[in-house]
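K.L.:
Below are the structure tokens for one structure; questions will follow.
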Amino acid sequence: MPSLENITDDLDVWLYQQFGATATFLIESVLIALLAIGLFSILGLVLIMMERKVSAYMQVRLGPNRVGPKGMFQTVADTLKLIVKEGMTPDGADKFLFNLAPFIVMIIAMVILAPLAFSKGFQIWDINIGVLFITAVSSVSVIGILMAGWASNNKYSLLGAMRSGAQIVSYELSAGLSVIAIVVLTGSLRMSDIVASQENGWWLFKGHIPVLIAFVIFIIAITAETNRAPFDLAEAESELTAGFHTEYSGMKFALFFLAEYVNIFIVCAVGATLFLGGWMPLHFGTNTQFNHVMDYIPGIVWFMGKTFFLIFVIMWFRWTFPRLRIDQLLNLEWKYLLPISLFNLLLVTLMAIMGWHF
Amino acid sequence: MYRETEILQEAVAGDLIINVGPQHPSTHGVLHLVITLNGETIKKVEPHLGYIHRSIEKMCESLTFRQFIYVTSKMDYLSSHINNHGCSLCVEKGLQIEVPERAQVIRVLMDELTRLASHQLWWGALGMDVGALTPFFHAFRERELINDIFEETCGTRLTMNYMVPGGVMADLHPNFQRRVHEFIKQFKQKFDEYDELLTDNIIFKNRMQGVGVLSAADAVSYGCTGPVARASGVSSDIRKLYPYEIYNKLQFDEVIETAGDCYSRYMVRMKEMRQSLSIIEQLIDQIPEGEYQAKTKAVLKLPKGEYYSRVETARGEFGVYIVSEGGTTPYRIKFRSPGFSNLSALDHMARGGKIGDLVAIMGSLDLVIPDIDR
């Protein structure tokens, strides 16, 4: 199977021979940081473009088509505009927290990238509690949003931040519980183990009903966690103008905007890893010929394909559904999703103990 | 402007006072709402008007009976045909002008097309208010066809100034019938799509049902008309109650719902679109031949007296009250705009709801601010 494993291993060995252990660690850290920043900027450009094209397609219009071929450089032009814009700080704002908030949101989005397995052996940090790490770190992002809303000294921002706080903290629960369903079946929190457990079939397609339920709950919960419509109450432009980032402009606004898309990518990547087999190719039972052809597609393509499919689904939600009201949003979580996912977890545990899974 | 102290007095500790508007995405114009909140719950809504006041009524006093009609297009810009129609009716009433049948049919056709276009825009804007952005574009796709039809016949797309005392300004464009047929065909196909996008959507239903309930008694006491009153079970269709032009010869139903919440206001307008479509279908192939404008004097002078006429716009009853001293210009003029009365019920409906409810209620009221603030 063509994979990126050998490239990274060869590079590691070569660096070790040339420079010794400490220097290798430093060089690799810098390389990873550069790669992560590069990935983020490309993701920002690609995902914003994708969102605009998807929405245009759904809204019977063309979307950006002027800057560059098929409007591909529209996002670049927009980013350039945001960079040269003045980054305003309102008079009544808490200047330190106001300026810190977008970076916190962004940094947290970057940190979650660490345990993601892009391809076989192509992973920054194969930590043995990978899933727990992702769940734990992603709940910190609410602090950045609360900080932005509170420090702006704007009532709309405050309302948006309060909504966001209530929402993210609530939906963390069912997202976490649905993730645990897979962890129980796999018996490991390590990302690479979870991917490896799906070699004979993705969890979603293995036919376990609790996994299907967990998948649906996971998709709903991550949509809410990333503040996307129909759960975009933190921004809710028709109610709170722009919610927690009402007062932000220029690059600081761009960081929030970028963090939103990076977060979408990351949660979708987690979803693809847990439920859709990560970088594992699609296999159909004993159909060896078909399986062989599928094996020739590199793992990174599989991983990105699955992730982008989930991203498309989330975009599809945004451009189709109306927004929920705040009390309905919390009702949905506490009265429906949380009990269902708790019961589901019980079911999965029973299944795992009795050995009813395969 | 408002007296700030007055508002602050009523607030207690813990209340949040927010200015929604005059520049805000959901007020659809320069409406300014001062809302008092307790957390997310609305305690009070106070609309402040005057940001787009152009004193149209005073302006009309210095314009002749032919000229003042053109100003009224700018009041409710989504139903300029119907505004012009109401004013023309009032002048015709005073001068006892007999409008030719062809002109009457053209007027009714234009009114119903306007109603459709207005409801389409409302549908899209309501979708935006509750957070669905896609309906707006779908609604505009069909509304554009109506605007094209208007443009061909009237020369403009928004402020048509097409109806004049005695009939209409110009004859229909030769393409009119064909293009209306095309529009009907496309709209009928796409109307089911509208239902799929919003009407049957579970989130949309939850957002609208039981929200902003207005009882029939309250609707009457606030002077609500149009779809807002009809959603509360109050019969208020001027086309049925005081038929003008050829409305009494047409087959159509007055749509009445009884729940009085946002969803019934929504359903009233959705069903009204089908009724308007049926009116257009009844008339489009039977436009009688003849004059499109009655012979009138060059200078119109209304006899001394008071005149009132009313028409049904997409938002409710539009009344024109003219006091004439026998001159060439009105002595006093007063318009009864539907939006103003409907807006006055906003506070009553929004109290106790959430911020999201306020936006949904405003969307379901279908406010056009230049109509409220003349």
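K.L.:
With a/c under 1.5 counting as rounded, go ahead and sort the protein assembly as shown into rounded, prolate or oblate using the C-alpha gyration tensor (a ≥ b ≥ c being the square roots of the eigenvalues; past the cut-off, prolate if a/b is larger than b/c, else oblate).
P.N.:
prolate
K.L.:
What is the P(r) of the stretch A:209-358, as percent of Cα-Cα pairs per 5 Å bin from 0?
P.N.:
2, 8, 13, 16, 17, 15, 12, 8, 5, 3, 1, 0
K.L.:
Would you please give the FRET efficiency between B:S62 and B:N147, computed as 1/(1 + (r/R0)^6) with r the Cβ-Cβ distance and R0 = 35 Å, to the nearest 0.05?
P.N.:
0.65
K.L.:
Just checking the output field for B:137-145: average partner chain Cβ neighbours within 10 Å of each residue's Cβ?
P.N.:
Partner Cβ neighbours, averaged per residue: 2.
K.L.:
Hey, another quick one. Set the Förster radius R0 to 45 Å, insert the Cβ-Cβ distance between A:T8 and B:K185 as r into 1/(1 + (r/R0)^6), and round the FRET efficiency to 0.05.
P.N.:
That pair, A:T8 with B:K185, gives E of 0.15.
K.L.:
Determine the shape class of the stretch B:31-135: with a ≥ b ≥ c the square roots of the Cα gyration tensor eigenvalues, call it rounded for a/c under 1.5, and otherwise prolate if a/b is greater than b/c, oblate otherwise.
P.N.:
Because a/c hits 1.5 or more and a/b fails to exceed b/c, the stretch B:31-135 counts as oblate.
K.L.:
I've got another one for you. Could you check the simple spin-label distance between B:T258 and A:I297, using points 7 Å along Cα→Cβ, in nm with one decimal?
P.N.:
Calculated label separation equals 5.7 nm.
K.L.:
Can you give the calculated 222 nm mean residue ellipticity of chain B, where each DSSP H run of n ≥ 4 adds -39,500 (n - 2.57) and the sum is split over every residue, rounded to the nearest 500 deg cm²/dmol?
P.N.:
Rounded to the nearest 500, it is -14000 deg cm²/dmol.
K.L.:
Quick one: Karplus J couplings for the stretch A:270-279, per residue in order, coefficients 6.51, -1.76, 1.60, θ = phi - 60°, nearest Hz, x for Gly and Pro?
P.N.:
Using θ = phi - 60°, the values come out as 4, x, 5, 5, 6, 9, 10, x, x, 8 Hz.
K.L.:
Sticking with this one: For an R0 of 35 angstrom, estimate the FRET efficiency from the Cβ-Cβ distance between A:E86 and A:V216 and round to the nearest 0.05.
P.N.:
The pair A:E86/A:V216 has a calculated efficiency of 0.20.
K.L.:
Once you have a ≥ b ≥ c as the square roots of the Cα gyration tensor eigenvalues for chain B, tell me rounded if a/c is under 1.5, and otherwise prolate or oblate according to whether a/b is larger than b/c.
P.N.:
oblate
K.L.:
Turning to a different aspect of this structure: Compute the helix-to-body angle for B:134-154: its Cα long axis versus the longest principal axis of chain B, expressed 0 to 90° and rounded to tens.
P.N.:
Helix B:134-154 sits roughly 20 degrees off the main axis of chain B.
K.L.:
Follow-up question, since we're still on this one. What's the average, rounded to a whole number, of partner chain beta-carbon atoms within 10 Å of each residue's beta-carbon in B:126-136?
P.N.:
6
K.L.:
From other protein chains only, count the Cβ atoms within 10 Å of every residue's Cβ in A:237-245, then give the mean.
P.N.:
Neighbouring Cβ atoms belonging to other protein chains average 6 per residue here.
K.L.:
Going by amide H atoms built from the backbone, whose H comes under 5 Å of the H on B:H48, apart from near neighbours?
P.N.:
Correct list: B:H32, B:L33, B:V34.
K.L.:
Shifting gears a bit: Which whole-Hz couplings ³J(HN,Hα) result when phi for each residue of the stretch B:157-172 is put into the Karplus expression 6.51 cos²θ - 1.76 cosθ + 1.60, θ = phi - 60°, listed in order with x for Gly and Pro?
P.N.:
So the Karplus estimates, Gly and Pro as x, are 10, 10, 9, 6, 6, 9, 9, 10, x, x, x, 10, 5, 9, 6, 5 Hz.
K.L.:
Each residue of the stretch B:254-267 in order: what ³J(HN,Hα) in whole Hz does its phi give by Karplus 6.51 cos²θ - 1.76 cosθ + 1.60, θ = phi - 60°, with x for Gly and Pro?
P.N.:
7, 7, 10, 10, 10, 5, x, 9, 4, 5, 6, 4, 4, 5
K.L.:
Using amide H atoms built in the peptide plane, which far-off residues or other-chain residues are under 5 Å from B:V164 H to H?
P.N.:
Here B:M169 satisfy the definition.
K.L.:
Note the angle between two axes, namely the Cα long axis of helix B:355-365 and the longest principal axis of the Cα atoms of chain B, as a number of degrees from 0 to 90, rounded to the nearest 10.
P.N.:
Approximately 10 degrees, to the nearest ten.
K.L.:
Also, I was wondering about something else. What does the extension gain come out to for B:S278 and B:Q96, with contour length at 0.36 nm per residue minus their alpha carbon separation?
P.N.:
Going from the current span to full extension adds 62.5 nm.
K.L.:
While we're on this one: Going by how many other Cβ atoms sit within 10 Å of their own, how do B:R351, A:R228 line up, fewest first?
P.N.:
In increasing order of surrounding Cβ atoms, one gets B:R351, A:R228.
K.L.:
Neighbour counts of other C-beta atoms within 10 Å: give me A:F321, A:F303, A:F19 arranged from fewest to most.
P.N.:
A:F19, A:F321, A:F303
K.L.:
With the crude spin-label approximation of a point 7 Å out along Cα→Cβ, what separation in nm comes out for B:Y242 versus B:Q177?
P.N.:
3.4
K.L.:
Further, regarding this structure: Only Lys, Arg, Asp and Glu count, each charged at its Cβ (+1, +1, -1, -1), so figure out the dipole size of chain B about its Cα centre, rounded to 20 debye.
P.N.:
In total the dipole reaches around 700 debye.
K.L.:
Say the dipole of chain B comes from +1 at the beta carbon of Lys and Arg and -1 at that of Asp and Glu; which of B:Q275, B:M349, B:A298 then lies farthest toward its positive end?
P.N.:
B:A298
K.L.:
Over chain B, what relative contact order in percent results from Cα pairs under 8 Å that are six or more residues apart?
P.N.:
Dividing the mean separation by the residue count of chain B yields 25 percent.
K.L.:
Per residue, what volume in Å³ does the Cα convex hull of the stretch A:88-354 take up?
P.N.:
Dividing the Cα hull volume of the stretch A:88-354 by its residue count gives 121 Å³.
K.L.:
Which cross-chain or sequence-distant (5 or more) residues have an amide H under 5 Å from the amide H of A:F231, H modelled 1.01 Å from N in plane?
P.N.:
Amide H neighbours of A:F231: none.
K.L.:
Tell me the mean residue ellipticity at 222 nm calculated for chain A from its helices only (DSSP H runs of n ≥ 4, each -39500 (n - 2.57), averaged over every residue, nearest 500).
P.N.:
Only helices count here, giving -22000 deg cm²/dmol.
K.L.:
Can I ask one more? Of the listed pairs B:K188/B:K271; B:K93/B:K295; B:K44/B:K354; B:K240/B:K304, which have alpha-carbon separations greater than 20 Å here?
P.N.:
B:K240/B:K304
K.L.:
Putting +1 on Lys and Arg Cβ atoms and -1 on Asp and Glu Cβ atoms, find which of A:F309, A:A93, A:T288 reaches farthest to the positive end of the dipole of the stretch A:88-354.
P.N.:
Checked the options; the winner is A:T288.
K.L.:
Further, regarding this structure: What distance in nm separates the simple spin-label points at A:N128 and A:A196, each placed 7 Å from Cα in the Cβ direction?
P.N.:
For A:N128 paired with A:A196, the spin-label model returns 1.3 nm.
K.L.:
Go through the stretch A:1-90 and name the trypsin sites (Lys or Arg not before Pro) that are in a DSSP coil and have 15 or fewer other Cβ atoms within 10 Å of their Cβ.
P.N.:
Those that pass, being in a loop and sparsely packed, are A:R61, A:R66, A:K85.
K.L.:
I would also like to ask the following. In what order do A:M49, B:M110 fall by count of nearby beta-carbon atoms within 10 Å, going from fewest to most?
P.N.:
Ranking A:M49, B:M110 by Cβ neighbours within 10 Å, fewest first, gives A:M49, B:M110.
K.L.:
So, one more: When the dipole is taken about the Cα centre of chain A, and only Lys, Arg (+1) and Asp, Glu (-1) are charged at their Cβ, what size is it in debye, to the nearest 20?
P.N.:
920
K.L.:
Continuing with the same structure: Where nothing but the Cβ of Lys and Arg (+1) and of Asp and Glu (-1) is charged, how large is the charge dipole of the protein assembly as shown around its Cα centre, in debye to the nearest 20?
P.N.:
Around 1200 debye, computed over the protein assembly as shown.
K.L.:
For helix B:101-129, report the angle its Cα long axis makes with the longest principal axis of the Cα atoms of chain B; keep it between 0 and 90° and round to the nearest 10°.
P.N.:
Here the helix axis deviates by roughly 20 degrees.
Quick note: the coordinates plus some simple rules give every number you see, no bench work behind them. As the structure is a computational prediction, the values presented were derived from the model and not from experiment. Note that we place each Cβ from the backbone using ideal geometry, even for glycine, and neighbour counts take in every protein chain shown.
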